[in-house]
Amino acid sequence: DTGVSQDPRHKITKRGQNVTFRCDPISEHNRLYWYRQTLGQGPEFLTYFQNEAQLEKSRLLSDRFSAERPKGSFSTLEIQRTEQGDSAMYLCASSLDVGWSTGELFFGEGSRLTVL
Amino acid sequence: DQQVKQNSPSLSVQEGRISILNCDYTNSMFDYFLWYKKYPAEGPTFLISISSIKDKNEDGRFTVFLNKSAKHLSLHIVPSQPGDSAVYFCAAVSTGTYKYIFGTGTRLKVLA
């Protein structure tokens, strides 16, 4: 399978703990995105990378959230001192920078976080 | 600020009939628009997109219409099938920022 893969698919943690999610994009894609989705809402933009450079970070993202994409390949999203309000589906997506035939973002299956 | 809006949270359609899903946007810098379909516990999957230089794009049963003056786009599904039952999201992006903004979704139920 050469699609976007995310790990873990589901994480249950206690409030105050740190969690880390990993995303492996489609190999030739240089843009990588993180979104958060809660029930009844659309995917909410968190941040995105072009290669290893983090180009934009949502103003809604608190200092407890950090994302990295070392060497422009896989990416990690870490949430420190989790709160119950962090419970959501965290979606990773990737795309090509050029070749705007469809402009498509390719999404992974998501990582569901439950904070108790 | 909600730059992309889907004002209908749900829609029910009889099998074989047309489904029309609507989306409005506010940012005139958006120059590409996409529709995604999402099943529970899965990531969104791409359906169809349209560039701002066009007003219509068709792919099989799916057609997207863009009305730039009204800042409105719609997705037509003809004929609707029970397997089309899912949540549909519209998204918009500016090629200047590459930041995709999604609407809140419309849950489509196609009745057999």
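Quick notes on this one:
Residues are listed down the side, and each one gets a yes or a no for (1) at the interface with another protein chain (Cβ under 8 Å from one of its Cβ atoms); (2) within 26 Å of B:Ser8 (Cα to Cα):
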{"site": "A:Ser27", "(1), (2)": "no, no"}
{"site": "A:Asn30", "(1), (2)": "no, no"}
{"site": "A:Tyr33", "(1), (2)": "yes, no"}
{"site": "A:Glu44", "(1), (2)": "yes, yes"}
{"site": "A:Asn51", "(1), (2)": "no, no"}
{"site": "A:Gln54", "(1), (2)": "no, no"}
{"site": "A:Ser62", "(1), (2)": "no, no"}
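- Test: residue in segment A:39-50 that is out of contact with any Pro (no Cβ under 8 Å at 6 or more places or on another chain), among the β-branched types (Val, Ile, Thr) and surrounded by 19 or more Cβ atoms within 10 Å (Cβ to Cβ): yes
- Counting only residues that are aromatic (Phe, Trp, Tyr) and open to solvent by 40 Å² or more (accessible area, probe 1.4 Å), segment B:26-44 holds 1 of them.
- Annotation: of all residues in segment B:45-71 being more than 14 Å from every other protein chain (Cβ to nearest Cβ) and under 23 Å from B:Tyr98 (Cβ atoms), the one that is least open to solvent (accessible area, probe 1.4 Å) is B:Lys71.
- Within segment B:75-102, the set of residues being open to solvent by less than 40 Å² (accessible area, probe 1.4 Å), within 14 Å of chain A (Cβ to nearest Cβ), free of Cβ contacts under 8 Å to residues at least 60 places away in the same chain and not aromatic (Phe, Trp, Tyr) comprises B:Ala86, B:Val87.
- Among the criteria (1) within 14 Å of chain B (Cβ to nearest Cβ); (2) under 21 Å from B:Tyr98 (Cα atoms); (3) not in a strand (DSSP E or B), the one A:Glu109 does not fulfil is (2).
- Residue list for segment B:62-103, filter: touching a Phe, Trp or Tyr at 6+ places or on another chain (Cβ under 7 Å), farther than 13 Å from B:Leu21 by Cβ and of a type in the set (S, T, N, Q): B:Ser94, B:Thr95
- Residue check, B:Thr97 β-branched (Val, Ile, Thr) and under 11 Å from the mean Cα position of the chain (by Cα): no
- Taking segment B:1-23 as the range and being open to solvent by 50 Å² or more (accessible area, probe 1.4 Å) and within 14 Å of chain A (Cβ to nearest Cβ) as the test, the residues that pass are B:Asp1, B:Gln2, B:Lys5, B:Asn7, B:Ser8, B:Pro9, B:Ser10.
The values are calculated or read from the model by the stated rules, or taken from the named source; none is laboratory data. Worth saying up front: this structure is predicted, and the values here are computed from it rather than measured. Please note: Cβ atoms are built from the backbone with ideal geometry, for glycine as well, and neighbour counts cover all protein chains shown. Ligands, DNA and RNA are excluded from the accessible area calculation, which covers all protein heavy atoms including side chains. Shrake-Rupley method; radii C 1.70, N 1.55, O 1.52, S 1.80 Å.
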